[in-house]
Amino acid sequence: MLRKYCVYLLLLFFIFFGCSSTGVREKRLLSADSENYANIYFKRLYHVLYYTAQAYIVINDKEIGSLYQGEFQKIFLEPGTHEISVYGGLLSFNPSEILNKKAPIQMYFEKGKNYYFVIQAAWDGPYRIKQVDQINFDKLVWGEPF
């Protein structure tokens, strides 16, 4: 009987803490900029809400990565119009977000330019994503309201 409970506890541990993200903890570890693609930077801000949940990044209805708090991710996009959104998945415990899954940003991306986005947990619904300039991208750490 004790063995059965240990197996369940171990399984729960791996479910909640064994999942990895596709982000990195330091911006300097991201790859170099490209002149042939749009360089898209993402940063997940710290917030007490959804602390253990991942924020999944979706571009053109395709999940391209996930971030825990304080992590960065960079992707390269072909020039053109793309739709970017984020959602929290099951561990965010937010039924409206799981059903709706996104609050998209649609914009045109130019070749060789850098674009910066911050992701923040929200009390009233899905994760929020906002485009910022490089100075605010580097400066923002905690989930200041936007």
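The values are calculated or read from the model by the stated rules, or taken from the named source; none is laboratory data. Not measured: the values here are computed from a predicted model. Every residue, glycine among them, receives a Cβ derived from its backbone with ideal geometry; neighbour counts consider all protein chains shown.
Could you go through the range 99-111 and let me know if any residue there is at pLDDT below 70, assigned to a helix (DSSP H, G or I) and surrounded by fewer than 18 Cβ atoms within 10 Å (Cβ to Cβ).
There is at least one residue in the range 99-111 that is at pLDDT below 70, assigned to a helix (DSSP H, G or I) and surrounded by fewer than 18 Cβ atoms within 10 Å (Cβ to Cβ).
Given the condition under 19 Å from residue 69 (Cβ atoms), part of a strand (DSSP E or B) and modelled with pLDDT under 80, answer yes or no: does some residue in the range 135-145 qualify? Break it down stepwise before answering.
Initially, the range 135-145 is screened for residues under 19 Å from residue 69 (Cβ atoms), giving 136-145.
Pick out the ones that are also part of a strand (DSSP E or B) and you get 142.
Now restrict to residues that are modelled with pLDDT under 80: 142.
Yes, that holds for at least one residue.
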